[in-house]
């Protein structure tokens, strides 16, 4: 298995084998406006690396959505309960 690194620029992503990436390649990618994505994936080939990255991204988005929903729920409850108590006391 090889280790793959990802360079992104907007919606464009380049997948490169870490062992084949030279300093000149990294400089060229940076000069073209690409930034290194902070994940390295071990995979058999580029397609598998992309599939693993997509799976991790989907998993992270799902977790973030659950977290956001939990925070939103807590915020609504923390506003509603005092509002109800205030109107009952009025």
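Any idea how many residues of the stretch 15-34 are exposed (fewer than 15 other Cβ atoms within 10 Å of the Cβ) and on the phi < 0 side of the Ramachandran plot?
Within the stretch 15-34, the subset exposed (fewer than 15 other Cβ atoms within 10 Å of the Cβ) is 17-20, 22-25, 27-28, 30-33.
Okay, now just the ones that are also on the phi < 0 side of the Ramachandran plot, so 17-20, 22-25, 27-28, 30-32.
Going through the stretch 15-34 one residue at a time, the tally reaches 13.
Which of (1) under 24 Å from the mean Cα position of the chain (by Cα); (2) closer than 26 Å to residue 2 by Cα does residue 24 not meet, given it meets every other one?
(1)
For the stretch 41-53, indicate whether the set of residues that are without any contact (Cβ under 8 Å) to a residue 24 or more places away in the chain and in contact with a strand residue (DSSP E or B) (Cβ under 7 Å, 6 or more places away or on another chain) is non-empty.
Yes, because at least one residue in the stretch 41-53 is without any contact (Cβ under 8 Å) to a residue 24 or more places away in the chain and in contact with a strand residue (DSSP E or B) (Cβ under 7 Å, 6 or more places away or on another chain).
Results for (1) modelled with pLDDT of 90 or more; (2) exposed (fewer than 10 other Cβ atoms within 10 Å of the Cβ); (3) touching a helix residue (DSSP H, G or I) at 6+ places or on another chain (Cβ under 9 Å), shown as yes or no for each residue.
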| site | (1), (2), (3) |
| --- | --- |
| 36 | yes, no, yes |
| 48 | yes, no, no |
| 62 | no, no, no |
| 68 | no, no, no |
| 74 | no, no, no |
| 80 | no, no, no |
| 86 | no, yes, no |
| 90 | no, yes, no |
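The values are calculated or read from the model by the stated rules, or taken from the named source; none is laboratory data. Note that the structure is a prediction, hence the values are computed from the model and not measured. When we count neighbours, we look across all protein chains shown, and the Cβ atoms used for this are built from the backbone with ideal geometry, even at glycine.
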